[in-house]
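Report on the structure given below.
The values are calculated or read from the model by the stated rules, or taken from the named source; none is laboratory data. Predicted model only: the values in this text are computed from it and were never measured. Remember, those area values only see protein heavy atoms, side chains included, never the ligands or the DNA or RNA. Shrake-Rupley method; radii C 1.70, N 1.55, O 1.52, S 1.80 Å.
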Amino acid sequence: MEKDLLTRYETLFKEYPDVADVKSMCKMLGGISTKTGYKLLKENKIKFFKIGRSFFITKYHILCYLQIKDDD
């Protein structure tokens with residue numbers, strides 16, 4: 001599973017930076033609304049870190065979230 005995740009990491013979102021803001025994360029998740037994006041973060045479904053009032057999400061954690069959804 002980890003090797004598969006690494007392969008996806010290298011190919012799936014290569015046009016995005018390794019650390020995304022909420023708007024970029026929403027685009028990566030298929031164009032969901034920012035309201036839904038913040039809800040996912042608030043519910044701790046996607047790991048993130050904050051600097052000041054800004055939320056940042058690593059590409060790895062977005063892929064982990066997608067992997068979990070894919071395994072269901």
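Give the angle, between 0 and 90 degrees and rounded to the nearest 10, that separates the Cα long axis of helix 59-71 from the longest principal axis of the Cα atoms of the chain.
For helix 59-71, the angle is close to 70 degrees.
How much length, in nm to one decimal, is gained on full extension between residue 33 and residue 56, taken as 0.36 nm per residue of separation minus their Cα-Cα distance? Spell out each step's value before the answer.
Details: separation 23, 0.36 × 23 = 8.28 nm, distance 1.62 nm.
Extra length available between residue 33 and residue 56 comes to 6.7 nm.
If you bin every alpha carbon distance in the stretch 9-63 into 5 Å steps from zero, what whole percent lands in each bin?
The distribution over the stretch 9-63 is 4, 20, 35, 26, 10, 3, 0, given as percents.
Determine how large the accessible area of residue 24 is when every protein chain is in place; take a 1.4 Å probe and give Å² rounded to the nearest 10.
Surface accessible to solvent at residue 24 totals approximately 30 Å².
Arrange the residues 26, 64 by how much accessible surface each exposes, largest first, with a 1.4 angstrom probe.
Most to least solvent-accessible, the answer reads 64, 26.
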